[in-house]
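See below for the structure under consideration.
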Amino acid sequence: MADLLISNARLLATMDGDRRELTGGWVSISDGLVEAVGQGEPPVATTVIDATDCLVTPGLINTHHHLFQNLTRAFPPMTDKPLFGWLQSLYPLWRAIDTDAVHVSAWVGLAELALSGCTTSTDHLYLHPKGAGDLLTAEIEAARDLGVRFHPTRGSMSLSEKDGGLPPDDVVADDDDILAASEEAVAKHHDRSWGARTRIALAPCSPFSVTEQLMVRTAELAERLDVRLHTHFAENDEDDEFSLETFGCRPMEYLERTGWATDRTWVAHCVKPDDDEIRRLGAAGVGAAHCPSSNLILASGIAPVVALRAAGVPVGLGVDGSSSADAASLWLEARQAMLLAKLRDGAHAGTARMALEIATLGGAACLGRTGELGVLEPGAVGDVAVWSLDGPIFAGALADPIEAWLRCGPVAARDTVVHGTPVVQGGRLVSERVDEMVQLHTQHSRRIQQR
């Protein structure tokens, strides 16, 4: 007998190698892993979720975020700024984060993601003010309490304003201290087992906030520890100009000369690579987290997602920090990815199935978990999103449930299941701590924004 059965789907999108789409499909889960997928008579299960009039997909995967930034959403001094001005408006506030603030911001941010069908999220936690405490452990504990799968990164900044970088002096650290903390984080939290709930990557923030030597040494450490690498890359014109002026090369050459051009790496944004750089990224197997809403709200540009995928770059989806996109809905990002691909490359180029691939299979590839996450097939993790396709917003959308899922809306997940356990049911979070955590979040936001 299975632990959990999700049955009677209008359509179940497996995202397996054959991209099977099963009308009336079902998926059974035991011990946190998919046991079987099929049509017709389903197996018996202890718990059953009826997916009548629903699209069932693998849980969506968020490949880029800064969870602590939801403490400063819609903060007026930054709302009309491009990337560098936006950062400089907020660094003075963010230096006030501590373990309590990071814990509650992670809990609330991951809860918001779960409501949008997200079952696995990374977090690029690059800000570690002096005396703030063990921020990485604080957010990992939040993810465990909520019940979502978490791939945080031990981020860092080492190049302050006085050395030609953007961050203020009191939020950067020494390279040796960063590397020691990175190794400690992997030893403490990284789970290498199949179906792991927590894994760690190493993530110097960006070329404009870390030293070149830290990039080199972090790549060497990641190789030795066998963990993944993440950083911001070619986000906008300012990013390119900084790289040319500071390092004498474009971001792609910088990635190559620091040892980051490897299939261990996935980068965030990747808005500005030229045709040759796209080819080189694909040849190296570097992944890219596409963050469409953030790139729009900061006027950074439109990432060449169609060309990147054609070149062999694994492309995942990211909501990015809440202070830039101000919303953390992976459904919204999938829809934006579809629309922007149409705008950039033609109406034929952006489809709902392309966006679903990016939000599932692409995300799994970025995180180094192909075949484990982002797919509904035996042995994969039991992470599932159930999307209701009824009511006025879907009236008339009869022919293609996957296209309807993104062309209609807005939509939130009806049910979100992580490792075989519901985190969202009937459109509501299962946890009884929602009101408590939102109230705590408001207290910390007020404290930080009044600085």
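Miscellaneous remarks
- Any hit, the stretch 15-32, residues being in contact with a helix residue (DSSP H, G or I) (Cβ under 6 Å, 6 or more places away or on another chain) and of a type in the set (A, V, I, L, M, F, W, C): yes
- Selected residue (criterion: farthest from His419 (Cα to Cα)) from residues of the stretch 38-56 that are surrounded by fewer than 21 Cβ atoms within 10 Å (Cβ to Cβ) and among the hydrophobic types (A, V, I, L, M, F, W, C): Val44
- Residues of the stretch 183-236 classified as in contact with a Pro (Cβ under 7 Å, 6 or more places away or on another chain), of a type in the set (Val, Ile, Thr) and part of a loop (DSSP other than H, G, I, E, B), total: 2
- Some residue of the stretch 253-261 being touching a helix residue (DSSP H, G or I) at 6+ places or on another chain (Cβ under 7 Å) and assigned to a helix (DSSP H, G or I): yes
- Residue pairs meeting the criteria (Cβ under 9 Å; at least 6 apart or on separate chains; first closer than 13 Å to Leu330 by Cα, in the stretch 346-362; second assigned to a loop (DSSP other than H, G, I, E, B) and of a type in the set (Lys, Arg)): Glu357/Arg19
- Verdict on Leu361 being within 30 Å of Phe84 (Cα to Cα), modelled with pLDDT of 95 or more and out of contact with any helix residue (DSSP H, G or I) (no Cβ under 8 Å at 6 or more places or on another chain): no
- Within the stretch 339-361, being part of a helix (DSSP H, G or I) and touching a Leu at 6+ places or on another chain (Cβ under 7 Å) holds for Ala352, Ala355, Ile358, Ala359, Thr360.
- The set of residues from the stretch 22-59 being touching a residue at least 60 places away in the same chain (Cβ under 8 Å), under 22 Å from Ala395 (Cβ atoms) and charged (D, E, K, R) comprises just one member, Asp53.
- Residue check, Thr370 free of Cβ contacts under 8 Å to residues at least 24 places away in the same chain and polar (S, T, N, Q): yes
- Scanning the stretch 134-182 for residues being in contact (Cβ under 8 Å) with a residue 24 or more places away in the chain, small (Gly, Ala, Ser) and assigned to a loop (DSSP other than H, G, I, E, B) gives a total of 5.
- Of residues in the stretch 186-210 being of a type in the set (S, T, N, Q) and surrounded by 19 or more Cβ atoms within 10 Å (Cβ to Cβ), the one farthest from Thr119 (Cα to Cα): Ser209
- Selection of the stretch 218-234 for residues being surrounded by fewer than 23 Cβ atoms within 10 Å (Cβ to Cβ) and more than 13 Å from Arg199 (Cα to Cα) yields Ala219, Glu220, Leu221, Glu223, Arg224.
The values are calculated or read from the model by the stated rules, or taken from the named source; none is laboratory data. Everything numeric here is computed off the predicted structure, so don't read it as measured data. Reconstructed Cβ throughout: ideal geometry from the backbone, glycine too, with neighbour counts over all protein chains shown.
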